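Here the structure is laid out as structure tokens; the discussion comes afterwards.
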Amino acid sequence: MTRAIQISAFGGPEQLQLVDVAVGEPGPGEIRIRHHACGLNFIDVYQRTGLYPNPLPLALGMEGAGVVEAVGEGVTHLRPGDRAAYAGNPPGGYCDARVMPARNVCKLPDGISFDTAAGMMLKGLTAQYLLKKTLPVEGLQPGDYVLFHAAAGGVGLIACQWARALGLRLIGTAGSAAKCALALEHGAAHAIDYAKEDFVARVKDITGGRGVKVVYDSIGKDTFERSLDCLRPFGLMASFGNASGPVPPFAPGVLAAKGSLYLTRQTLFAHIATREATQAMADELFAVVGSGKVKIRIGQRYALADAAQAHRDLEARRTTGSSVLLP
Ligand SMILES: NC(=O)c1ccc[n+]([C@@H]2O[C@H](COP(=O)([O-])OP(=O)(O)OC[C@H]3O[C@@H](n4cnc5c(N)ncnc54)[C@H](OP(=O)(O)O)[C@@H]3O)[C@@H](O)[C@H]2O)c1
């Protein structure tokens with residue numbers, strides 16, 4: 001048996017229940033991992049509310065780190081006793097131990113702690129595919145401006161540092177002066193407190209009226225339209241989340257009117273669909289973290305049993321950097 005956080009109905013944080021569930025043996029292509037730390041992500045909130053629906057009852061959690069206890073038939077890249085970490089489907093990561101597909105589980109380099117790994121796999125792989133693979137038609141070159149919303153959050157602080165390592169000038173937005181300071185400390189070239197300032201005007205000002213080549217927008221409803229106004233002609237709107245609610249339907253003609261813009265709505269899960277792709281992306285993440293160019297800030301630690309409080313804090317915008325749940 002293992003402890004796991006589950007919901008039996010969609011709703012608020014009060015739906016999160018600590019339950020005892022059976023953990024079996026791994027089948028073909030699966031492993032059993034005992035967690036030392038579990039990651040908290042905004043997608044867990046979407047799954048809890050039903051914005052991203054899954055069958056109920058639902059065990060939450062898409063990210064974790066720990067020790068492999070058993071491997072099923074056909075799994076060759078992991079052995080019992082290996083330190084490992086993952087981001088990926090299916091949900092069920094808020095638990096002491098679980099059986100899961102081995103595809104997204106990677107051997108963890110010795111220099112990376114379990115807490116750090118649980119705080120970086122989903123968010124770091126996301127920062128990787130955004131900054132390295134979600135690019136405008138002419139690509140991104142050192143010195144280029146990009147706009148990244150929620151820059152002091154989990155994905156945000158990793159993106160600030162990774163962008164600096166790539167030579168990009170990342171303009172970060174965040175909801176308070178303290179969060180802006182944190183984004184700047186982590187490598188943002190500029191920070192805009194979008195609770196107080198008009199971020200479109202500030203972006204225009206910073207870029208000499210030209211606008212940015214890419215906006216990475218995980219806020220959704222509240223920022224979508226104004227984010228389009230921050231782009232230069234042919235710029236890329238990379239929508240990848242809905243912290244404020246989903247983007248309402250809109251007419252494609254808007255993209256023409258604002259300068260032949262491109263729009264994409266990205267998800268990590270398309271990028272980590274195969275074991276090879278997952279490992280290649282994870283290797284880049286391990287390298288950039290191992291080199292010290294990207295440091296993972298664990299802003300909050302909670303006991304596994306306090307997952308509901310972790311959700312409350314995340315939704316109330318009280319967190320910075322990554323949060324982990326400790327079994
Ligand atoms: N598509 C993908 O592949 C993918 C993968 C990972 C994450 N994501 C998305 O990326 C975003 C960041 O994820 P994360 O786990 O690292 O979370 P996070 O950034 O640590 O937390 C979300 C942040 O969004 C900002 N925010 C703005 N409006 C908000 C609202 N109405 N309610 C709550 N927060 C609001 C808050 O920062 P301020 O107070 O500074 O505004 C908050 O701290 C999420 O939207 C997530 O869904 C997408």
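The values are calculated or read from the model by the stated rules, or taken from the named source; none is laboratory data. For clarity, every value in this text was computed on a predicted model and none was experimentally measured. Cβ sites come from the backbone with ideal geometry, for glycine too, and all protein chains shown count toward neighbours.
Considering each of 66, 61 in turn, give the residue that is among the small types (Gly, Ala, Ser), modelled with pLDDT of 95 or more, within 16 Å of the ligand (Cβ to nearest atom) and surrounded by 20 or more Cβ atoms within 10 Å (Cβ to Cβ). Every option except 61 fails the conditions. State yes or no: is residue 235 touching a residue at least 60 places away in the same chain (Cβ under 8 Å) and over 17 Å from residue 155 (Cβ atoms)? Taking the combined requirement at face value, the residue satisfies it. Checked against (1) within 11 Å of the ligand (Cβ to nearest atom); (2) aliphatic (A, V, I, L, M); (3) in contact with a His (Cβ under 7 Å, 6 or more places away or on another chain), residue 268 passes all but a single condition, namely (3).
Restricting 133, 123, 107 to those that are in contact (Cβ under 8 Å) with a residue 24 or more places away in the chain and closer than 20 Å to residue 153 by Cα reduces the list to 123.
Of all residues in the range 90-114, those satisfying the criterion of being surrounded by fewer than 21 Cβ atoms within 10 Å (Cβ to Cβ) and within 16 Å of residue 282 (Cα to Cα) are 107, 109, 110, 111, 112, 113.
Among the residues of the range 215-231, the ones that are closer than 23 Å to residue 315 by Cα and assigned to a helix (DSSP H, G or I) come to 4 in all. Going by the conditions given, is residue 254 surrounded by fewer than 17 Cβ atoms within 10 Å (Cβ to Cβ), farther than 30 Å from residue 5 by Cβ and β-branched (Val, Ile, Thr)? For residue 254, the condition - surrounded by fewer than 17 Cβ atoms within 10 Å (Cβ to Cβ), farther than 30 Å from residue 5 by Cβ and β-branched (Val, Ile, Thr) - is met. Among the helices (runs of 4 or more DSSP H) confined wholly to the range 17-134, which include 1 or more residues that are more than 22 Å from residue 314 (Cα to Cα)? Answer list for the range 17-134: 121-133. Taking the conditions (1) touching a residue at least 40 places away in the same chain (Cβ under 8 Å); (2) outside any strand (DSSP E or B); (3) over 20 Å from residue 130 (Cα atoms) in turn, residue 241 satisfies each one other than (3).
Filtered by the rule that a residue be near the ligand (Cβ under 7 Å from one of its atoms) and among the aliphatic types (A, V, I, L, M), the range 309-327 gives a lone residue, 314. Taking only pairs six or more apart or across chains, which ones have beta-carbon atoms under 7 Å, a first residue in the range 196-225 that is farther than 21 Å from residue 135 by Cα, and a second residue that is at pLDDT below 95 and surrounded by fewer than 14 Cβ atoms within 10 Å (Cβ to Cβ)? Correct list of pairs: empty, since none qualify. Please determine, by comparing only the residues of the range 143-177 that are under 12 Å from residue 127 (Cα atoms) and near the ligand (Cβ under 8 Å from one of its atoms), which one is farthest from the chain's Cα centre (by Cα). Looking at residues that are under 12 Å from residue 127 (Cα atoms) and near the ligand (Cβ under 8 Å from one of its atoms), I get 151. If the condition is being in contact (Cβ under 8 Å) with a residue 12 or more places away in the chain, more than 24 Å from residue 150 (Cα to Cα) and part of a loop (DSSP other than H, G, I, E, B), then the range 244-260 contributes 259, 260. Taken over the range 205-240, the criterion of being closer than 18 Å to residue 180 by Cβ and of a type outside the set (S, T, N, Q) is satisfied by 205, 206, 212, 215, 216, 217, 219, 222, 226, 230.
Inspect all residues belonging to the range 261-271 and state whether any of them is within 30 Å of residue 233 (Cα to Cα), touching a residue at least 60 places away in the same chain (Cβ under 8 Å) and in a strand (DSSP E or B). Scanning the range 261-271, I find at least one residue that is within 30 Å of residue 233 (Cα to Cα), touching a residue at least 60 places away in the same chain (Cβ under 8 Å) and in a strand (DSSP E or B), so the answer is yes. One residue stands out among those in the range 71-89 that are touching a Phe, Trp or Tyr at 6+ places or on another chain (Cβ under 8 Å) and of a type outside the set (A, V, I, L, M): the one that is surrounded by the fewest Cβ atoms within 10 Å (Cβ to Cβ), which is 89. Residues that are more than 12 Å from the ligand (Cβ to nearest atom) and within 20 Å of residue 33 (Cβ to Cβ) within the range 294-308 comprise 301, 302, 303, 304, 305, 307, listed in sequence order.
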